[in-house]
Structure formats: structure tokens, C-alpha cells
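S.K.: Got a structure here, written out as C-alpha cells. Questions coming.
Where a number appears in this text, it was derived from the coordinates with a stated rule and is not lab data. Please read these numbers as outputs of a predicted model, since none were measured by experiment. Ideal geometry is used to build each Cβ from the backbone, glycine not excepted, and the neighbour counts take in all protein chains shown.
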Amino acid sequence: MSEETPKATVDMDTLASLCKRRGFIFPSSEIYGGFESTWDYGPLGVELKQNVKRAWWKAMVQERDDIVGLDASILMNPRVWEASGHTTHFTDTLVECQRCHHRFRADELKSAPGGCPECEGPLTEARQFNTMFKTFVGPVEDEASVAYLRPETAQGIFVNFENVLTATRRKLPFGIAQQGKEFRNEITTGNFIFRTREFEAMEMEFFCKPGTDDEWYQYWRQERLNWYLRFGVRKENIRLREYAPEERAHYSSGTTDVEYLYPMGWAELEGIANRTDYDLRRHAEMSGRRLEFFDEETGEHIVPYVVEPAAGVDRCVLIFLLDAYHEEEVRGEKRVILRLHPYLAPIKVAVLPLSRNEQLVPAARRVWDLLRPRFMTQYDDAQSIGRRYRRQDEVGTPLCVTVDFDTLEDQAVTIRERDSMEQVRVPIANLEQALRERLPEV
Ligand code: GAP
């Protein structure tokens with residue numbers, strides 16, 4: 001992580017507290033004291049997370065003519081991980097304090113040479129630690145039944161390369177995209193949902209002809225940066241950083257991180273790697289299958305090169321929240337507002353009767369009934385209308401619809417916009433259209 005002075009508008013504790021209070025993200029197993037940096041997504045968090053995944057799928061699959069989707073299983077034949085190199089290379093270097101027995105990643109202690117950062121005790125020699133989670137398949141717990149929880153979704157794509165090629169009759173270049181859970185037995189976790197042992201990934205393997213790989217690598221670096229900007233991330237908070245050769249993974253001939261300026265400094269958000277033909281060649285060797293593309297025009301058998309953009313869903317959720325968080329003063333009061341892109345906002349429209357009046361509540365509920373099948377909505381009639389606007393601002397709801405006493409006469413309602421706080425009167429008959437115009441498709 002860089003030492004640069006953080007510019008984030010919110011610190012991680014404030015964000016984590018908002019997330020818990022408003023139902024975005026809860027500490028897992030909290031009634032038992034929590035569990036090892038694991039987190040659960042609450043009613044608003046699950047909406048935000050799904051919207052992030054949908055935004056990625058839209059850009060990476062739906063809008064393109066050269067990428068298809070896949071959903072492979074988490075448990076795979078353990079030979080997959082031998083072929084990919086994970087059983088030997090997927091390691092972190094671990095040191096342990098001989099006094100307090102805290103464990104650290106050796107690379108994170110570079111800036112603190114000497115003793116243990118917790119108690120200054122002596123540290124053990126560094127040793128390699130494989131970060132794959134091991135389990136057993138079936139009732140017998142022996143070496144023959146060992147399996148791993150996948151540490152990356154990418155291998156599910158490589159082992160299905162032949163199936164997808166045959167089923168879809170694709171030509172190079174083409175990509176296979178996948179979203180799903182990954183597990184890594186990280187030595188250190190923390191910074192809220194930044195680094196956890198269970199997380200979700202969005203990965204795409206783009207298969208191309210050797211010799212065109214660098215062009216595609218450059219293309220995907222820019223394309224992925226643009227995706228974050230498209231969904232509202234502020235330019236000054238995001239950048240690309242190319243790895244030095246010694247930093248790259250064993251399979252990579254070029255790696256770039258999309259980095260974000262977190263409260264703790266610049267750090268990785270997404271990795272884009274040129275994985276060469278490493279994975280397909282290794283799986284072909286181990287499985288005895290020809291994992292190649294046959295070019296009918298030239299009569300050549302080609303082992304494609306692969307360019308991979310790999311993003312973490314949870315890290316995306318985190319940076320969209322950090323980037324959206326604003327505090328401002330309105331008429332002498334603090335207004336906390338999540339300026340989330342409307343496409344990502346968990347709730348698109350809140351329906352609010354001006355008060356709990358016995359005529360307004362049923363009228364507002366009728367408006368809610370009308371909107372519910374069309375938008376993700378929320379109904380709220382507790383406390384003053386001003387407080388309810390603030391509550392919706394705090395969770396990023398772009399539009400509120402207010403039902404007042406005039407509604408009973410003129411069959412019109414007020415739309416209030418989150419960012420400008422402007423209000424406009426609209427007939428209920430035109431409400432759906434008016435809301436759609438204010439919730440732009442991306
Ligand atoms: N298949 C390539 C690959 O897995 P990676 O850079 O190790 O690459 C990709 O991981 C992304 O997954 C990271 O950029 C990050 O967003 C996310 N990620 C990795 N480890 C994570 C962890 N322990 N907790 C949360 N997200 C993580």
C-alpha cells in the first residue's frame with residue numbers, strides 16, 4: 001500500500017458503522033462475537049451487490065458480441081490446481097512472533113524491519129504458506145479425498161474452454177466471463193471488506209491469437225478503467241499501475257492493477273493480466289486433451305493466449321460506497337448522502353406519504369403498489385418527511401415520491417431528487433414515465 005496521504009471523504013469505521021446501521025453489511029455470526037473477518041450482506045447490501053454484478057455482466061457479456069458467460073462449480077478435481085500451479089505457487093510468506101504468536105505476511109513487514117509490530121518480540125524465519133482452503137469430499141478424511149475451495153474462478157473457465165468452444169462455435173478472439181465465490185486462507189485480513197477469506201470475483205478470460213495478446217492487454221486495461229468511470233467513480237480516486245516483472249504471478253507476462261485511493265492509501269481494486277498460454281498448455285499436458293483452436297482459414301492449430309481482467313465484487317462494493325459518501329450542510333444540519341450511480345443504488349424510488357394521516361396512507365400505498373413491480377422501491381411513513389428524505393439520502397435512493405393532501409384532489413405527486421433536492425409535481429398517470437426519465441439507463 002502506498003504511503004500517499006489519503007483523500008477519502010470518509011474513514012472505514014464511519015462507513016462500516018453506516019453499513020451496519022442501515023442494513024448494507026453486518027459482521028458475520030455477530031451474536032457469537034463475529035468470525036474472522038467475515039461479513040454478511042443485509043437487505044440493502046444484497047441489492048447493491050447484485051447491481052454491481054449486473055453492471056459488470058451488462059458491460060462484459062450483454063453489450064458485447066465476443067463474450068459468453070459461465071457458472072462453474074466451486075469444488076473441482078484437485079488435479080486442476082496441480083496443473084494451474086496453485087498447489088505449489090499459491091503461497092504467501094509467513095512470519096510469526098515468537099512472543100505473542102501473531103502471524104504476519106513477510107511482504108507487509110518490509111516497512112517495519114526489526115521485531116513484531118505488535119509487541120516487538122523476535123520473529124521466526126519466513127516460511128511459505130499455501131493459502132488454498134483444503135477440505136475432504138465424502139465421508140473419509142484421507143489424502144485421496146482432499147479437495148480445495150477454488151481460490152480463483154478462472155480455472156473453471158480454462159477447464160471448460162473446449163466445451164464452450166464446441167457449444168458456441170466461437171472464433172478467436174472471444175471471452176468467457178464468470179462471477180462467483182472464491183476462498184483464500186489469507187494470513188492477514190481487514191480494512192472492513194477489503195481483504196477477507198471468502199469473497200466474490202468477477203473474472204473474464206479473453207482468448208486471442210498469440211501476437212495479438214499485448215494489444216488486447218492494453219485494450220482491457222483501458223476498458224476496465226472506463227467501466228468504473230462509467231458507474232460514477234471519481235477520476236482522481238482511481239488509476240492504473242503496471243507491475244514490475246518481479247511482482248507478477250507465475251503465469252503472467254504483464255500485469256496492471258486498477259488501484260483505488262482507499263482511506264488507508266492507494267491499493268488494488270482489480271488485476272488485469274496477460275496469462276499467455278500458460279493455463280491452457282498446463283491443462284492440456286495434465287489432462288491429455290488438445291486445448292486448441294483450429295483455424296479453418298489457415299489450417300493451423302492454435303493454443304490461444306489469454307488476457308484476464310479480474311475484479312473483486314466486495315472490493316467494488318466498498319469503493320462504490322467510499323466514492324459515493326458525502327457530507328454537506330443543509331439549513332444548518334448535516335446531510336449524509338450516498339451519491340451512488342442510480343443503476344447501482346439499492347432502492348430506486350421511495351414512496352412517502354406526507355404524514356400518517358388515514359387518507360394519505362392508503363393513497364401512498366396505492367402509488368407504491370403501482371411502482372413496486374417496475375422499480376426497486378421502499379415505503380416509509382415513520383417520522384417527519386424531512387427525516388425520511390435524509391434517511392433515503394443516506395442510503396443513496398435517487399428519487400422520492402411524496403403523496404400529500406393535494407394528491408387527494410389533483411391525483412398528482414411530488415418527485416424529489418436526491419442530489420439537487422429539487423422537487424417537481426407529476427400526475428400519477430405519468431409517474432412511471434417521469435421516474436424512468438430520471439433514472440437513466442447506462
Ligand atoms: N484470477 C486472477 C486473480 O485471482 P487476484 O489479483 O488475486 O487475481 C483479483 O484477484 C481480485 O480479487 C483483486 O483485484 C481483488 O479485487 C479481489 N480479491 C483478491 N483477494 C481478495 C481478498 N482476500 N478479499 C477480497 N477481495 C479479494
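S.K.: Which aspartates and glutamates, on any chain, are close to K110 with Cα under 19 Å apart, when same-chain ones fewer than 8 places away are left out?
M.R.: Result set, ordered by chain and number: E3, E4, D92, E96, E118, E120, E125, E186, E246, E247, E268.
S.K.: Still on this model: Determine the shape class of the stretch 6-100: with a ≥ b ≥ c the square roots of the Cα gyration tensor eigenvalues, call it rounded for a/c under 1.5, and otherwise prolate if a/b is greater than b/c, oblate otherwise. Mind showing how you got there, number by number?
M.R.: Values: a/c = 1.92, a/b = 1.06, b/c = 1.80.
Cα axes put the stretch 6-100 in the oblate bin.
S.K.: Let me ask something additional. If neighbour count is taken as other Cβ atoms inside 10 Å, put L165, L269 in order from fewest to most.
M.R.: Neighbour counts put them in this order, fewest first: L165, L269.
S.K.: Now, a different point. Cα gyration tensor of the stretch 356-410, axes a ≥ b ≥ c as square roots of the eigenvalues: rounded (a/c below 1.5), prolate (a/b > b/c) or oblate? Write down the numbers at each step before the final one.
M.R.: Details: a/c = 2.03, a/b = 1.23, b/c = 1.64.
Verdict is oblate for the stretch 356-410.
S.K.: At a threshold of 8 angstrom on Cα-Cα distance, excluding pairs fewer than six apart, so keeping six or more, what relative contact order does the chain reach in percent?
M.R.: Values: 815 pairs, mean separation 62.7, N = 442.
After rounding, I find 14 percent.
S.K.: Of all the C-alpha pairs in the stretch 133-193, what % are more than 15 Å from each other?
M.R.: Of the Cα pairs, 67 percent sit more than 15 Å apart.
S.K.: Follow-up. Using the number of other C-beta atoms within 10 angstrom as an exposure proxy, rank W227, W57 with the fewest first.
M.R.: Fewest-to-most Cβ neighbours within 10 Å comes out as W57, W227.
S.K.: Trypsin sites (Lys or Arg not before Pro), restricted to the stretch 74-162: which are DSSP loop and have at most 10 other Cβ atoms within 10 Å?
M.R.: In loop regions of the stretch 74-162 (DSSP not H, G, I, E or B), the sparsely surrounded trypsin sites (Lys or Arg not before Pro) are K110.
S.K.: With viscosity set to 0.692 mPa s and temperature to 37 °C, compute the Stokes-Einstein D of the chain, Rh being the Kirkwood radius across alpha carbon pairs; µm²/s, no decimals.
M.R.: 134
S.K.: Using θ = phi - 60° and the Karplus form 6.51 cos²θ - 1.76 cosθ + 1.60, what ³J(HN,Hα) does each residue of the stretch 241-250 get, whole Hz, x for Gly and Pro?
M.R.: Those phi angles translate into 9, 7, 6, 6, x, 6, 8, 6, 5, 4 Hz.
S.K.: Please compute the Kirkwood hydrodynamic radius over the stretch 303-436, one decimal place, Å, based on all pairs of different Cα atoms.
M.R.: With all distinct Cα pairs of the stretch 303-436 included, I get 16.2 Å.
S.K.: OK, next. Would you compute the Debye intensity of the stretch 231-353 from its alpha-carbon atoms alone, equal scatterers and no solvent, and pass along log10 I(q)/I(0) at q = 0.09, 0.13, 0.16, 0.17 Å⁻¹ to two decimals?
M.R.: -0.47, -0.75, -0.91, -0.97
S.K.: Moving to a separate point now. How would you classify the stretch 131-249 from its alpha-carbon gyration tensor, with a ≥ b ≥ c the square roots of the eigenvalues: rounded for a/c under 1.5, else prolate if a/b is greater than b/c, otherwise oblate?
M.R.: The shape class here is oblate.
S.K.: Taking the alpha-carbon distance from K58 and a cut-off under 24 Å, which lysines remain once sequence neighbours fewer than 8 residues away in the same chain are dropped?
M.R.: Qualifying lysines at Cα under 24 Å: K49, K171, K181, K235, K348.
S.K.: Using a Gaussian network for the chain with springs between C-alpha atoms less than 10 Å apart, which of these wobbles most: R290, R366, R339?
M.R.: Looking only at R290, R366, R339, the biggest GNM fluctuation is shown by R366.
S.K.: How do E246, E215, E236 line up, fewest other C-beta atoms within 10 Å first?
M.R.: Lowest count first: E246, E236, E215.
S.K.: Which loop GluC sites (Glu not before Pro) in the stretch 282-341, with loop taken from DSSP, have no more than 12 other Cβ atoms within 10 angstrom of their Cβ?
M.R.: On the way: sites: E285, E292, E296, E297, E300, E327, E328, E329, E333; in loops: E292, E296, E297.
Here the GluC sites (Glu not before Pro) that fit, given the DSSP loop and packing criteria, are E296, E297.
S.K.: Separate question: To the nearest 10 degrees, how steep is helix 313-324 against the longest Cα principal axis of the chain, on a 0 to 90 scale?
M.R.: Rounded to the nearest ten degrees, it is 40.
S.K.: Round to the nearest 10 and give me the degree value, 0 to 90, for the angle of helix 43-57's Cα axis relative to the longest principal axis of the chain.
M.R.: 60
S.K.: Also: Nearest 10 degrees is fine. How inclined is helix 278-287 to the longest principal axis of the chain, computing both from alpha carbons?
M.R.: The two axes meet at around 60 degrees.
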